[in-house]
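For reference, the structure is listed below as structure tokens.
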Amino acid sequence: MNPASKEYGGRSKLPHNLKQLFRDVAMSAPDIVLISEVILRSEGAHYAEVLAQKVVDVFECSRQLLSPQRHYDWGLRALKTVLRHAGQMLRQPSTSDQQRTMEAEMQIVIHALKINTLSKLTFSDSQRFVALLTDVFPGVVAEDQVNQSLIQQVTTSCQQLGYEVMPNQIQKVLQLYGALQQRMGVVLVGPSCSGRSQLLHSCSLHIYVKQLLTTHVLITCHYLQVKALSYASSFTPFKTNNNAHYSNTHSIPSRWIVHNCSAG
């Protein structure tokens, strides 16, 4: 009933006999520019009208110019994530001045676009996306924000794990860490031998050490080897004779984590 891409099998069309029982309702596409402007104004942007149009232009051009990938999302959900992140940066003490210029707010929006988008793009698409930002925001120079202390901590974590320190890999760890700060669930995609496991271990060790030093709370990581599991053990089996669900390899550690959090 809800339209989705061809690769997504979670929704299907209604059968013809059931479709006749429903009445068609005409729907109109939402005004994305107006929605973006309202969000930016609620976040405290002074030039919300101009910024909203430029952010929507970036998403529309990215949908048309970049390669079609299954994990790319140029819809309203991803757009709202960028705008909310830009609002958080606008409310920071260093940028919450009442005399902000349009160029300063554009730089903040560019940073939000890069942080929330570059991590999921391929190498060729990332170069096109940076060039697209230059075209949409002409004359605006937004230097990348470099956190030297964070880079040093990630480098130390890689050295402790025995990994060779590579600038590209450090950058990916920083992108993963930034994505985890913005989202509850993050998926790492890539071909075999691309360093996904090393990336996850480096970021996990950094978060573990940082959490231990700041809050003195230990973090337990649970790893599930999905390729070594059968379909029945990965998903909750359902018995039709008694309508009962049984635990699987995903629900058992989740239940254990919730129990420990409530007990602590």
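Where a number appears in this text, it was derived from the coordinates with a stated rule and is not lab data. Owing to the predicted nature of the structure, the values given are computational and were not obtained by experimental measurement. In this analysis, Cβ positions are derived from the backbone assuming ideal geometry, glycine residues included, and neighbour counts consider all displayed protein chains.
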**Asked** Considering only Cα-Cα distances, which of the following residue pairs are longer than 29 Å: Lys19/Lys80; Lys54/Lys172; Lys114/Lys227; Lys13/Lys114?
**Response** Lys19/Lys80; Lys114/Lys227; Lys13/Lys114
**Prompt:** Quick one: Karplus J couplings for the range 113-122, per residue in order, coefficients 6.51, -1.76, 1.60, θ = phi - 60°, nearest Hz, x for Gly and Pro?
**Reply:** 5, 5, 5, 8, 10, 4, 5, 9, 9, 6
**Request:** Report the FRET efficiency, 1/(1 + (r/R0)^6), for Ser28 and His71, where r is their Cβ-Cβ distance and R0 is 35 Å, rounded to 0.05.
**Result:** 0.75
**Asked** Quick one: Karplus J couplings for the range 164-177, per residue in order, coefficients 6.51, -1.76, 1.60, θ = phi - 60°, nearest Hz, x for Gly and Pro?
**Response** 6, 6, 10, x, 5, 5, 4, 5, 5, 5, 5, 5, 5, 4
**Message:** Please arrange Thr155, Thr134 by how many other C-beta atoms lie within 10 Å of their C-beta, fewest to most.
**Reply:** Thr134, Thr155
**Message:** For Cα pairs less than 8 Å apart in space and 6+ apart in sequence, what is the mean separation divided by the residue count of the range 103-188, i.e. the relative contact order in percent?
**Reply:** 34
**Complete:** Fewest to most Cβ atoms within 10 Å: Glu105, Glu43 sort as Glu43, Glu105
